[in-house]
Amino acid sequence: MSRQDHIREFAAAALRDGRVDYFIGWKQGHNSSEVVPAFVKDPAEVEQLVWNELCHHNLVTFLKRNMPDPAGAKIGVCVKGCDSRTLVALLQEELVDKDTLYVVGVPCDGIVDRRKLEKESADELVAISCSDGKVSVTTRQGSGKEFAKDSVLLDVCGRCRYPNAVYADDTAGPPVEEPDRKHAEPDWSDVADYENLSDDDKQALLEQIYSTCVRCFACINVCPVCFCWDKCVNRSRQPELVSQKVGPKENLLFQMVHMFHVAGRCPSCGACDRACPVEIPLYLLHRKMNKEIYDMFRFEPGTKLDEKPVFQVFDLTDQFGD
Amino acid sequence: MAIKYLSADQLPAFLSSLAEKTRVVAPIKTDGVVQFQPWAAGKDVELDVLLAKQSPKEFVFLQSETFLKFGYSMAPAAEDGEGEAESASESAIPCETVDVEALNEAPAQVIFGLRPCDARGFVQMDNVFGGYGGFYFDPLYSARREATTLLAVTCREPRSTCFCTAIGGCPAGHEGVDALFTQVKDGFAVETFTEKGEAATAFAGLGDASDAQESEAAEVKLQATGKVDVPFALEGIRDNLHDNIGGEGWHDLCMRCISCGTCTYVCPNCYCFSINDELVESTGERYRVWDNCFNPLYTEETSGHNPRAAKSNRFRNRFSHKFWYYPDKYDSLLCSGCGRCIMHCPTRIDIREVLRVMGTPVGTTPAQAIAAPAAECAAESTAAPPALPVEATRAAPASPDGKEA
């Protein structure tokens, strides 16, 4: 039985039994190169649910404040390993009610980065399929290309330490093999280039990458652990702490606020990065913050249900940097 | 109007000649992302990737625009009167004056490489800011629009998300276009439609197009028009949106919406903004910035009441505005079918699906496929722009027994 079949079966059973009001999974978008979040209310409609290498959306986004419709609805949700860590981060702070949730963990061996594929062709992608470690792409004008799956995965997947959900009620099929976390340190090589820059160069780089930001708030709203919603300090006018004006310095402050507010809860799931319509590498600052937190506190956000986020606890033995 | 020809290798020289006199804006690829940017010699114009991430509206309707600078200063203290202590302390209150300076810069610019849907977006915004129907006239937008020349390029290979023909446009449409460039073998067939277009294409490297080039251009346009899907029927959408205002469908359709503003900021037509004052010590500025109807604060009142508190209310507004409220006020649509909102929505919410579901009469199932109209708008490009009066969105009157005529 495939993972997709498991998901459909769990969803149908939960909807039939009245355990959930609706079930959130993934379904095909307007063509087979796109997958979108699916909200299933009727057990007869679970056939639309899919599981494949394009299921990048972190569905925990739809559990946070103001998202459940109606408020207080009982919700079933699929989570990958990285997604489950954002859910655990919300549960640690009691920002969602565990009793209203039914969580299906989906063991994951890597999600394809659609944008990497888009950049390989001027023409529009209309179909993407994966099998045997290969990703096949078809364009609107009918030409096809094939890529090794490993070469087009999301950057976040290459360094994944939690391919299985850290918290779930049911699991869609056998877990995938876990990396050795006890003896291996996280791989932070992706922030090395940034860290090696001088302070001035860091500032210049950040201003440059955020210069195209349009303040659409996709990164903020899609972030599963960013839950202030209509009370976001970035939008506050009274007092106006962050300028509403769009410019390199203002945009940098805006993103810095986001990074600091989710520090200790953000496991770098990369949802912000994928949501950004102008493809700003938002992931960089969040990864850097995660590294700092790990180096200082040996803390990995959202991994244990009985832990508190690192900035909510105080310990006299804490070591603060150099 | 005679059709001209510009060879592809003359394009940089053509743009350079324009850039000597005005700012030139064009789609340019940076780190794999295509955006409209100020062009300078040496930069390649990207015409193969269809649709820059955002429309070029930000060059006319700036995302943030300071239009007022102000400063407070103290008037000399008033001379002491002879009143009692109480009134003396009152007269000691310093008298403030405020100096105000209005800003409105509108340098001439040419936007090259925008698409007919982008140009149509400007025409639709012109209604709002240009005083159509005696409504508001915006001097900031209007001055910049007046100083802008639009040199559009025909879409040879429309995307699957394009639906311009469904709402009266066309991959070679020229509504709002000053000159249209159609890619033919080794160059462009160039048609001008306005004096601005004439002036911008008065370049020595432009010769007359041969008959073969003219017919190739006509063929390219015809082919392109046939490639655009017609995903919904426009007729009746306005009335059906009206009838469906309380429909449960809005809840279902908006479930995956994350309430960001991506669709509105990549849209060539969305024009909402908010106004802010920023004051540092005694000087400040007043500026406007893009805002969007998905922002929960967009309609929040000072009392704290929000008439569109639920996500589904805000979601409904965007589509109803484009196909119902705006048409009622300005007699055209507020959408040009570019499909950017579909391409860039983080959860790929599909305006075509929304219109299929909520734009059909209450209680009916949306039609899955709509027959494509004859690809005729491209064939006669010098004719008047395709008229799309608001009537097109209104259903024909139903016969008394409710059956279709």
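The figures follow:
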| read-out | value |
| --- | --- |
| Selected residue (criterion: surrounded by the most Cβ atoms within 10 Å (Cβ to Cβ)) from residues of segment B:322-368 that are more than 13 Å from chain A (Cβ to nearest Cβ) and of a type in the set (Lys, Arg) | B:LYS322 |
| Strands (runs of 3 or more DSSP E) lying entirely in segment B:144-231 (those with 3 or more residues that are under 22 Å from A:GLN141 (Cα atoms)) | B:179-184 |
| Flag for A:ASP69 being surrounded by fewer than 23 Cβ atoms within 10 Å (Cβ to Cβ) and either more than 11 Å from chain B (Cβ to nearest Cβ) or free of Cβ contacts under 8 Å to residues at least 60 places away in the same chain (or both) | yes |
| Extreme residue, nearest to B:ASP118 (Cα to Cα), among residues of segment B:139-158 that are buried (at least 22 other Cβ atoms within 10 Å of the Cβ) and within 14 Å of chain A (Cβ to nearest Cβ) | B:CYS155 |
| Members of segment B:259-273 that are touching a Phe, Trp or Tyr at 6+ places or on another chain (Cβ under 8 Å) and within 11 Å of another protein chain (Cβ to nearest Cβ) | B:SER259, B:CYS260, B:GLY261, B:CYS263, B:THR264, B:TYR265, B:PHE273 |
| Enumeration of residues in segment A:40-53 that are surrounded by fewer than 23 Cβ atoms within 10 Å (Cβ to Cβ), in contact (Cβ under 8 Å) with a residue 12 or more places away in the chain and within 12 Å of chain B (Cβ to nearest Cβ) | A:LYS41, A:ASP42 |
| Selection within segment B:214-249 - within 12 Å of another protein chain (Cβ to nearest Cβ), within 25 Å of the chain's Cα centre (by Cα) and either free of Cβ contacts under 8 Å to residues at least 24 places away in the same chain or surrounded by fewer than 22 Cβ atoms within 10 Å (Cβ to Cβ) (or both) | B:LYS227, B:ASP229 |
| So B:GLN63, is it in contact with a Phe, Trp or Tyr (Cβ under 7 Å, 6 or more places away or on another chain) and either at pLDDT below 95 or of a type in the set (S, T, N, Q) (or both) | yes |
| Conditions (1) more than 23 Å from A:LYS80 (Cα to Cα); (2) of a type in the set (Lys, Arg); (3) at the interface with chain B (Cβ under 9 Å from one of its Cβ atoms); (4) assigned to a helix (DSSP H, G or I); number of the one not met by A:ARG274 | (1) |
| From A:CYS219, A:CYS266, A:CYS213, residue being at negative phi, touching a His at 6+ places or on another chain (Cβ under 7 Å), within 14 Å of chain B (Cβ to nearest Cβ) and touching a residue at least 40 places away in the same chain (Cβ under 8 Å) | A:CYS219 |
| Given (1) away from chain B (no Cβ under 14 Å); (2) not in a helix (DSSP H, G or I), index of the condition A:ASP193 fails | (2) |
| Enumeration of residues in segment A:147-192 that are free of Cβ contacts under 8 Å to residues at least 12 places away in the same chain and farther than 30 Å from A:LYS134 by Cα | A:LYS182, A:HIS183 |
| Filter result for B:PHE294 (within 12 Å of another protein chain (Cβ to nearest Cβ), touching a Phe, Trp or Tyr at 6+ places or on another chain (Cβ under 9 Å), of a type outside the set (Asp, Glu) and not in a helix (DSSP H, G or I)) | yes |
| Extreme residue, surrounded by the fewest Cβ atoms within 10 Å (Cβ to Cβ), among residues of segment A:228-271 that are among the β-branched types (Val, Ile, Thr) and part of a helix (DSSP H, G or I) | A:VAL257 |
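Here's the yes/no breakdown for (1) more than 15 Å from B:GLY71 (Cα to Cα); (2) surrounded by 15 or more Cβ atoms within 10 Å (Cβ to Cβ); (3) charged (D, E, K, R); (4) touching a helix residue (DSSP H, G or I) at 6+ places or on another chain (Cβ under 6 Å):
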position: B:THR262; (1), (2), (3), (4): yes, yes, no, yes
position: B:ASN269; (1), (2), (3), (4): yes, yes, no, yes
position: B:PHE273; (1), (2), (3), (4): yes, yes, no, no
position: B:ASP277; (1), (2), (3), (4): no, no, yes, no
position: B:VAL280; (1), (2), (3), (4): no, no, no, no
position: B:GLY284; (1), (2), (3), (4): no, yes, no, no
position: B:CYS293; (1), (2), (3), (4): yes, yes, no, yes
position: B:TYR298; (1), (2), (3), (4): yes, yes, no, no
position: B:GLU301; (1), (2), (3), (4): yes, no, yes, no
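The values are calculated or read from the model by the stated rules, or taken from the named source; none is laboratory data. Remember, predicted model here, so these are calculated numbers, not experimental data. Every residue, glycine among them, receives a Cβ derived from its backbone with ideal geometry; neighbour counts consider all protein chains shown.
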